[in-house]
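J.: Quick one: the structure is below, and I'll ask about it shortly.
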Amino acid sequence: MKDKQYNWINVSGGKDSTALLLWSLEQPEEFKEKCRYVYADTKHEHPAVYKYLSYLEFVTGVKIERIESEGFLEMCKRKQRFPSVKARFCTEELKIKPMAKHMDSEEPHDADHPHMVYVGIRREESPARARLTETTYSNYKYPPRKTSWHLRHHPLLDWYVQDVFDIHKKYCVEPNPLYKMGMHRVGCFPCIMARKSEMKKLFKVCPEVVDRLEEWEAEVAKASKRGAGTFMPTSDLPKGIPPGIRAYAGYLDDGDEFPEMKQDIDGCMSVYGLCE
């Protein structure tokens, strides 16, 4: 079983997973020849992400396998709600489970011989990630009554964001262009974990996102027994403001609670200073 074991490198199109991909290219030949690069498609991405994945394949010469999921909207209709900060089932449903199913179909494994999975997580990102160890043993269950065992490796755990962009420069790889549009994260568009200031930028640069999410809210509300479905929690809005993404976007756009955002959107908005 060990002879067939792969190194599964998770690629999302973001800066950290790109750094992970580039890190893998610097490993010994015996490691590299066992690498398989995988991307879980949530069907809730900006078109730039798909173009960037193709760009990465071109500049690095690696093949990135696209793993299909049911898609963000279909998941929300099935769950009769959108995910939230307190109920982040989206990652498990759209990334972990589809990836586990794919790996299980491609590689024999069991509890004693788990999949070798590599993820570009860094301590600097959050207090929760700061508590992670370099390797984590875990198992994931998915229908019908299947269990997938993983040994997750976090080789970038002690890297800082500057280290991430340094390895981009080392290999002459451009970061995802969404970062220059002011995005702090590029997985899902938008992510329910996005900062309010980031959402404000996003709605100004990509106003069509509001139209799409408003359509999705209507579909989720129709599927919900409660007849309700809002992408962002109504608790984020002041009293008297109707629920819904359009009201939320208008509130962020018209309010003065983000004075630091009063800048020309034609200029550089990168939170990482990538326009210099």
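J.: Based on this model, can you work out whether Cys90 counts as under 25 Å from Arg212 (Cβ atoms), part of a helix (DSSP H, G or I) and within 16 Å of the chain's Cα centre (by Cα)? Give the steps one after another, and end with the answer.
T.: Working: under 25 Å from Arg212 (Cβ atoms): yes; part of a helix (DSSP H, G or I): yes; within 16 Å of the chain's Cα centre (by Cα): yes.
Answer is yes for this residue.
J.: Here's a follow-up. Give me a count of the residues in the stretch 42-61 that are crowded, with 18+ Cβ neighbours inside 10 Å and free of Cβ contacts under 8 Å to residues at least 60 places away in the same chain.
T.: Result for the stretch 42-61: 1.
J.: Filter the stretch 208-229 down to the residues that are acidic (Asp, Glu) and farther than 11 Å from Ile245 by Cα, then identify the one that is nearest to the chain's Cα centre (by Cα). Before you say what the answer is, go through the steps one by one.
T.: At the first step, the residues of the stretch 208-229 found to be acidic (Asp, Glu) are 208, 211, 214-215, 217, 219.
Adding the requirement that they be farther than 11 Å from Ile245 by Cα leaves 208, 219.
Details: Glu208: 20, Glu219: 23 Å.
Among residues in the stretch 208-229 that are acidic (Asp, Glu) and farther than 11 Å from Ile245 by Cα, the one nearest to the chain's Cα centre (by Cα) is Glu208.
J.: Have a look at Lys146, Lys170 and point out the one that is over 20 Å from the mean Cα position of the chain (by Cα) and farther than 26 Å from His44 by Cβ.
T.: Working: Lys146 fails: farther than 26 Å from His44 by Cβ.
Exactly one residue qualifies, and that residue is Lys170.
J.: Does Ser105 fit the bill of being polar (S, T, N, Q) and outside any loop (DSSP other than H, G, I, E, B)? Show your work before the answer.
T.: On the way: polar (S, T, N, Q): yes; outside any loop (DSSP other than H, G, I, E, B): yes.
Considered against the rule, which asks whether it is polar (S, T, N, Q) and outside any loop (DSSP other than H, G, I, E, B), Ser105 comes out as yes.
J.: Hand me the list of helices (runs of 4 or more DSSP H) wholly inside the stretch 155-249 holding 2 or more residues that are among the basic types (Lys, Arg), surrounded by fewer than 16 Cβ atoms within 10 Å (Cβ to Cβ) and modelled with pLDDT of 90 or more. Spell out the reasoning first.
T.: Working: elements: 161-170, 196-205, 208-223.
It comes to 161-170, 208-223.
J.: May I pose another question? Just to be sure I understand the filter: pairs with C-beta atoms under 8 Å, separated by 6 or more residues or on different chains, first member in the stretch 207-219 and over 17 Å from Gly71 (Cβ atoms), second member among the charged types (D, E, K, R). Which pairs pass?
T.: Val210/Arg246; Glu214/Arg246
J.: Among residues belonging to the stretch 117-145 that are of a type in the set (Ser, Thr, Tyr) and farther than 22 Å from Gly13 by Cα, point out the one that is surrounded by the fewest Cβ atoms within 10 Å (Cβ to Cβ).
T.: Initial filter on the stretch 117-145 (of a type in the set (Ser, Thr, Tyr)): 118, 126, 133, 135-138, 140, 142.
Cutting the leftovers down to farther than 22 Å from Gly13 by Cα gives us 133, 135-138, 140, 142.
Values: Thr133: 9, Thr135: 13, Thr136: 14, Tyr137: 11, Ser138: 12, Tyr140: 16, Tyr142: 17.
Selected residue: Thr133.
J.: Ok, one more. Suppose the filter is under 14 Å from the mean Cα position of the chain (by Cα) and not β-branched (Val, Ile, Thr); does Leu25 pass it? Let's see the steps before the verdict.
T.: Details: under 14 Å from the mean Cα position of the chain (by Cα): no; not β-branched (Val, Ile, Thr): yes.
Spelling it out, it is not the case that Leu25 is under 14 Å from the mean Cα position of the chain (by Cα) and not β-branched (Val, Ile, Thr).
J.: Against the condition in contact with a strand residue (DSSP E or B) (Cβ under 9 Å, 6 or more places away or on another chain), free of Cβ contacts under 8 Å to residues at least 60 places away in the same chain, assigned by TED's automatic domain parsing to the domain that holds Ser54 and outside any loop (DSSP other than H, G, I, E, B), how does Arg152 come out, does it pass? Even if it seems obvious, please write down each step before you answer.
T.: Details: in contact with a strand residue (DSSP E or B) (Cβ under 9 Å, 6 or more places away or on another chain): yes; free of Cβ contacts under 8 Å to residues at least 60 places away in the same chain: yes; assigned by TED's automatic domain parsing to the domain that holds Ser54: yes; outside any loop (DSSP other than H, G, I, E, B): yes.
So Arg152 fits the description; yes.
J.: Also, quick follow-up: Do you know which of the residues in the stretch 110-137 that are among the hydrophobic types (A, V, I, L, M, F, W, C) and part of a loop (DSSP other than H, G, I, E, B) is nearest to Met193 (Cα to Cα)? Steps first, please.
T.: First pass over the stretch 110-137, keeping only residues among the hydrophobic types (A, V, I, L, M, F, W, C): 111, 116-117, 119, 121, 128, 130, 132.
Of the ones still in play, those that are also part of a loop (DSSP other than H, G, I, E, B) are 111, 119, 121, 132.
On the way: Ala111: 33, Val119: 19, Ile121: 16, Leu132: 20 Å.
Selected residue: Ile121.
The values are calculated or read from the model by the stated rules, or taken from the named source; none is laboratory data. Everything numeric in this text was worked out from a predicted model, so none of it was measured. Cβ: placed from backbone, ideal geometry, glycine included. Neighbour counts: every protein chain shown.
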